[in-house]
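Okay, so here's the structure we're looking at.
Each value in this text was obtained by applying a stated rule to the coordinates, not by laboratory testing. Predicted model, so just to flag it, every value in this text is computed and none were measured. Glycine gets a Cβ as well: all are built from the backbone with ideal geometry, and neighbour counts include every protein chain shown.
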Amino acid sequence: MLRYQEVATPEPGPGQVRVRVRAAGINHRDLWLRMGQLGAFSPGTIPGSDAAGEVDAVGPGVTNVEVKQRVVINPGLSCGHCLDCLRGDQVSCSQFRIYDGTYAEYAVVPATNVVPMPSGLTFAEAASIGIPFVTAEEYLTRANLVPGQTVLVWAATGGLGVATVELAKLRGARVIAVTRDSGKAERLRQELRADEVLLWDGSSDLTETIRNLTNGQGVDVAVDSLGSKTFSQSLAATRRGGAVVTVGSTTGGQVTLELGQLFRRRLTVFGAYMGSTAILPRLLSLFARGLLVPIIDHVYPLEQADQAHEQLERGDVFGKVILEV
Ligand SMILES: [Zn+2]
């Protein structure tokens, strides 16, 4: 249950900064946290990972940011000195975790986890980028998506779906987007330039339709955030030698796998969870130049976080749901 209440203002320790949060982005992770599906948490845990705001205080030894500077929080936390961190692959760090605590007026994070916010973006827009765009950029890079290839995106109107469609188009790929909402299909075509939009009723098998759209071959990359209801279709609709990305399981996490599907057709299946630290500043510069566009469905005040969660749980979104603080 979410409860809106007063808590003590946190103080930044050595190497930390305190951010006066102005907007926080809602991710599915926040719902899982609230439902206890990320493991036990102590009472008083504050959800929320993505945020934008102003630096309000800095702890001892902080030299890379100044008070009043507008920043975006990068919620990926890692040790900073292991071999994975040093080669820039922080998500592989054994201590990697995602920060929780942005549904609040103040959030304290390591000074290395704030990135200057580009002018020209609102706080709500800047808070909409983090987890979905960083995650999508990381897996499209790992999948080696190159111009002219085709990518399949399930749940294309969600935060992660929108990020995947935008980044795949920016790479010159052809996008087959899937949505359950006919009203949103046109927006996928018009605003996000999806090449093909498939309406899915939540149960039918789209494999043949997808193969027909790809000369019988299948897509190069399938991005699956839905899990049990779609994963076998993702495998079947991916071409020989292609890649299937599993990045969520909102319809369930259990699947049946026929191994011949993988080895005979030389498929790569990999899991994705956030992305490395260097991605967010690069993406912010693309937003600043207008090459990527923030898509916000609805902005709620912080005290209505429960209503914002309900909207995301219904899956009735086109882009991000944001809390203004
Ligand atoms: Zn590390």
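Observations
- Taking the alpha carbon gyration tensor of segment 132-271, multiplying each eigenvalue by 5 and rooting it gives semi-axes of 20, 17, 15 Å, largest first.
- Long-range HN-HN contacts of ALA57 with modeled amide H, under 5 Å: ARG18
- Rg and Dmax of the chain, Cα atoms only, in Å: 19.7, 61
- In order through segment 295-307: 3J(HN,Hα) via Karplus (6.51 cos²θ - 1.76 cosθ + 1.60), integer Hz, x for Gly, Pro: 10, 10, 7, 7, 10, 10, x, 3, 5, 9, 4, 5, 5
- Solution diffusion estimate, µm²/s, Stokes-Einstein, segment 212-325, Kirkwood Rh from C-alpha pairs, 25 °C, viscosity 0.890 mPa s: 145 µm²/s
- Across segment 185-193, computed HN-Hα scalar couplings (Karplus, 6.51 cos²θ - 1.76 cosθ + 1.60, θ = phi - 60°) run 4, 5, 5, 4, 6, 6, 7, 9, 6 Hz from first to last residue, x flagging Gly and Pro.
- Exposure proxy ranking, count of Cβ atoms within 10 Å, fewest first, for ILE279, ILE322, ILE46: ILE46, ILE279, ILE322
- Cβ-Cβ FRET estimate between GLN37 and GLN304, R0 fixed at 30 Å, reported to 0.05: 0.85
- Going from the fewest other Cβ atoms within 10 Å to the most, the residues TRP200, TRP32, TRP154 appear in the order TRP32, TRP200, TRP154.
- Of ARG29, ARG174, ARG264, the one that fluctuates the most in a GNM where the chain has Cα springs shorter than 10 Å: ARG264
- Fewest-first ordering of THR277, THR141 by other beta carbons within 10 Å of each residue's beta carbon gives THR141, THR277.
- Simple spin-label estimate for GLU6 and GLN69 gives 3.3 nm between the two label positions (7 Å along the Cα-to-Cβ direction from each Cα).
- Couplings 3J(HN,Hα) of segment 93-107, computed from phi: 4, 5, 9, 4, 8, 9, 5, 10, x, 9, 7, 7, 5, 10, 10 Hz, in residue order, whole Hz [Karplus 6.51 cos²θ - 1.76 cosθ + 1.60, θ = phi - 60°; x for Gly and Pro].
- Degrees between helix 130-142 axis and first principal axis of the chain (Cα, 0 to 90, nearest 10): 40 degrees
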